[in-house]
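Just below is one structure, and these are the notes that go with it.
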Amino acid sequence: MCAAVIPDDSAEELRRQLLSLRLKGQIKLHWTDESEARRGKIVAAVSELTPMTAVVTHISQRQNKTERFRRKCLETLYYELMAMGIQQVVCEARTSAQNQKDVAHVVALRGQKVVDRDFTISHCRGGDDPLLWIPDVFLGAINAKHQGEDSYYETLRELLILERRTPESD
């Protein structure tokens, strides 16, 4: 899981810059749909977005219990974001049922005092907000690194303020 940390007063300019990367007819950028040449161009453009940083939490390998590990990654991510003073998170929408589970998860974390009462999440479709493309680019670069292609990660590394494994990671 990855979060792009963006000051509110920079959001519109960053959206404009990201929209310029979209190809004609393309709804959103998505790492797996892009060619190697496009990935390089996208990574270079994202590396120039300022002010913006990224926070990543992840597990080290694919797991069968994807939703459980997703929640563990999100829990770690929320905790780190709260420590930075961030109270509002916009997640890329999935199905309505999955979105409701995300909200229920935050409610449960409030009850456990992992996040405080002011911490909120909302959901938005990936094609509706270009800022949601940034985490996909970071995660694509990290996955590429694990597959032996370091250049994307190296280009983005200075913007990465935290990369943490969840407690269940190897």
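We did not get these values from a lab; they are worked out from the coordinates using the rules stated. Since we're looking at a predicted model, the values are computed, not measured. No Cβ is skipped: glycine too gets one built from the backbone with ideal geometry, and neighbour counts run over all protein chains shown.
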Residue within the stretch 41-50 that is touching a Pro at 6+ places or on another chain (Cβ under 9 Å) and either among the β-branched types (Val, Ile, Thr) or surrounded by 13 or more Cβ atoms within 10 Å (Cβ to Cβ) (or both) present: no
Top-ranked residue in the stretch 35-58 [being out of contact with any Leu (no Cβ under 9 Å at 6 or more places or on another chain) and free of Cβ contacts under 8 Å to residues at least 40 places away in the same chain; ranked as nearest to Tyr79 (Cα to Cα)]: Glu48
Flag if Glu92 is closer than 21 Å to Tyr152 by Cβ, charged (D, E, K, R) and in contact with a Leu (Cβ under 7 Å, 6 or more places away or on another chain): yes
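Based on what the data block shows, is Val90 among the hydrophobic types (A, V, I, L, M, F, W, C), within 24 Å of Arg164 (Cβ to Cβ), surrounded by fewer than 19 Cβ atoms within 10 Å (Cβ to Cβ) and under 13 Å from the mean Cα position of the chain (by Cα)?
yes
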Qualifying residue in the stretch 132-153 (condition: touching a Lys or Arg at 6+ places or on another chain (Cβ under 7 Å), surrounded by 13 or more Cβ atoms within 10 Å (Cβ to Cβ), without any contact (Cβ under 8 Å) to a residue 12 or more places away in the chain and not in a loop (DSSP other than H, G, I, E, B)): no
Close pairs (6 angstrom Cβ cut-off, 6 or more residues apart or separate chains): in contact (Cβ under 8 Å) with a residue 12 or more places away in the chain and closer than 16 Å to Met82 by Cα in the stretch 1-13, surrounded by 14 or more Cβ atoms within 10 Å (Cβ to Cβ) and among the small types (Gly, Ala, Ser) anywhere: Cys2/Ala54; Ala4/Ala54
